[in-house]
Amino acid sequence: MKIKELKQIKASEIETKLNDLKRELMKYNSQISTGTPPENPGKVRAIKKTIAQINTLLSKKQEQEVKTKSARN
């Protein structure tokens, strides 16, 4: 998923997407740990990248909220 797409999604939808991606990553990691090759090894990297992008986006939004609250005071 691209950053532009993530910025357009509501915060609640981003949270659900993040949870879904974490579950999917957990599934792939359990396959890898048992020795079973994952169906699509490149998907693991893409999931990790998307999770990192979502976390970055959420932290930036939270940072902006703090700045706007402190600017009001």
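Quick notes on this structure:
- Candidates K49, K17: the one that is in contact with a Ser or Thr (Cβ under 9 Å, 6 or more places away or on another chain) and at pLDDT 90 or above is K17.
Yes or no, residue by residue, for (1) part of a helix (DSSP H, G or I); (2) loosely packed, with under 10 Cβ neighbours inside 10 Å:
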position	(1), (2)
M1	no, no
L18	yes, no
L25	yes, no
Q31	yes, no
E39	no, yes
I51	yes, no
L57	yes, no
S70	yes, yes
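- Scanning the range 3-14 for residues that are of a type outside the set (S, T, Y) and surrounded by fewer than 13 Cβ atoms within 10 Å (Cβ to Cβ) yields I3, K4, E5, K7, Q8, K10, A11, E13.
- Near pairs, Cβ below 9 angstrom, 6+ apart or cross-chain, from the range 23-35 (under 16 Å from A46 (Cα atoms) and in contact (Cβ under 8 Å) with a residue 24 or more places away in the chain) to any residue that is of a type in the set (D, E, K, R) and part of a helix (DSSP H, G or I): L25/K48
The values are calculated or read from the model by the stated rules, or taken from the named source; none is laboratory data. Just so it is clear, the model here is predicted, and its values are computed rather than measured. Counting neighbours? That spans all protein chains shown, and the Cβs are built from the backbone with ideal geometry, glycine included.
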